[in-house]
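Pasting a structure here, questions to come.
The values are calculated or read from the model by the stated rules, or taken from the named source; none is laboratory data. Because the structure is predicted, anything quoted here is derived from the model rather than measured. Cβ sites come from the backbone with ideal geometry, for glycine too, and all protein chains shown count toward neighbours.
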Ligand SMILES: N[C@@H](CCC(=O)N[C@@H](CS)C(=O)NCC(=O)O)C(=O)O
């Protein structure tokens with residue numbers, strides 16, 4: 001039986017998992033969910049109620065990074081795994097930690113009336129976007145001159161950031177980051193995982 005993937009099209013965590021699964025050539029039974037109406041079958045598999053969730057014969061993976069790592073353990077045709085673990089971990093912590101918090105603050109200013117949007121943007125620049133820019137000016141990808149799982153894990157979050165206010169993003173001094181982002185946005189892999197599915201119901 002194929003693994004079952006519970007997913008939500010626009011979720012950046014689900015996107016990174018779908019990209020890794022597709023890259024590894026793993027076919028899944030895709031179950032598109034609504035966050036407001038999660039299927040019981042998904043909650044039975046993983047009570048924490050976040051997507052993505054991958055149900056294997058003998059395990060349930062309910063963290064997007066675990067799904068990515070599992071996928072590239074099965075097959076890694078272009079050497080995504082071939083990275084310095086310390087550097088990889090540092091980027092992931094930056095992204096999934098501080099940057100994700102700032103992204104939510106930037107995206108939903110109404111939920112954070114006490115915060116000054118300009119300060120939020122400055123922090124996002126200082127803590128993530130400018131360090132990324134520095135790195136991407138030195139090499140083509142975040143961990144060197146080859147695409148790795150780290151680029152794929154981070155890309156959906158930068159994409160989301162760039163879409164909050166596209167005009168503002170265009171004005172930011174991030175040429176190398178924009179090149180990196182555009183390359184992923186145009187990739188066959190990304191476009192393949194953005195296909196639309198009807199909502200799956202129990
Ligand atoms: N640490 C989790 C986070 C996943 C996550 O937070 N996903 C969001 C959607 S982007 C979610 O399912 N939220 C539950 C909800 O909104 O009810 C992972 O990496 O898989």
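Looking at segment 164-190 only, could you name the residues that are exposed (fewer than 11 other Cβ atoms within 10 Å of the Cβ) and outside any loop (DSSP other than H, G, I, E, B)?
166, 167, 170, 171, 188
Can you pull out every residue in segment 144-171 that is more than 23 Å from residue 23 (Cα to Cα), touching a residue at least 40 places away in the same chain (Cβ under 8 Å) and out of contact with any helix residue (DSSP H, G or I) (no Cβ under 7 Å at 6 or more places or on another chain)?
Initially, segment 144-171 is screened for residues more than 23 Å from residue 23 (Cα to Cα), giving 161-171.
Pick out the ones that are also touching a residue at least 40 places away in the same chain (Cβ under 8 Å) and you get 161, 164, 168.
Listed by number, the list holds a single entry, 168.
If I ask for residues that are at pLDDT below 95 and either within 30 Å of residue 118 (Cβ to Cβ) or touching a strand residue (DSSP E or B) at 6+ places or on another chain (Cβ under 6 Å) (or both), which ones from segment 166-202 would you list?
Answer for segment 166-202, where residues must be at pLDDT below 95 and either within 30 Å of residue 118 (Cβ to Cβ) or touching a strand residue (DSSP E or B) at 6+ places or on another chain (Cβ under 6 Å) (or both): there is none.
Return only the number of the condition from (1) away from the ligand (no atom under 13 Å from the Cβ); (2) in contact (Cβ under 8 Å) with a residue 60 or more places away in the chain; (3) surrounded by 12 or more Cβ atoms within 10 Å (Cβ to Cβ) that residue 71 does not satisfy.
(2)
May I pose another question? Might you let me know whether segment 47-55 holds any residue that is out of contact with any strand residue (DSSP E or B) (no Cβ under 7 Å at 6 or more places or on another chain) and buried (at least 21 other Cβ atoms within 10 Å of the Cβ)? Walk me through it before giving the result.
Narrowing segment 47-55 to residues out of contact with any strand residue (DSSP E or B) (no Cβ under 7 Å at 6 or more places or on another chain): 47-50.
Of the ones still in play, those that are also buried (at least 21 other Cβ atoms within 10 Å of the Cβ) are none.
No: zero hits.
Right, something else. Please enumerate the residues belonging to segment 1-49 that are assigned to a strand (DSSP E or B) and either over 16 Å from the mean Cα position of the chain (by Cα) or more than 14 Å from residue 64 (Cα to Cα) (or both).
4, 29, 30, 31, 32, 34, 37
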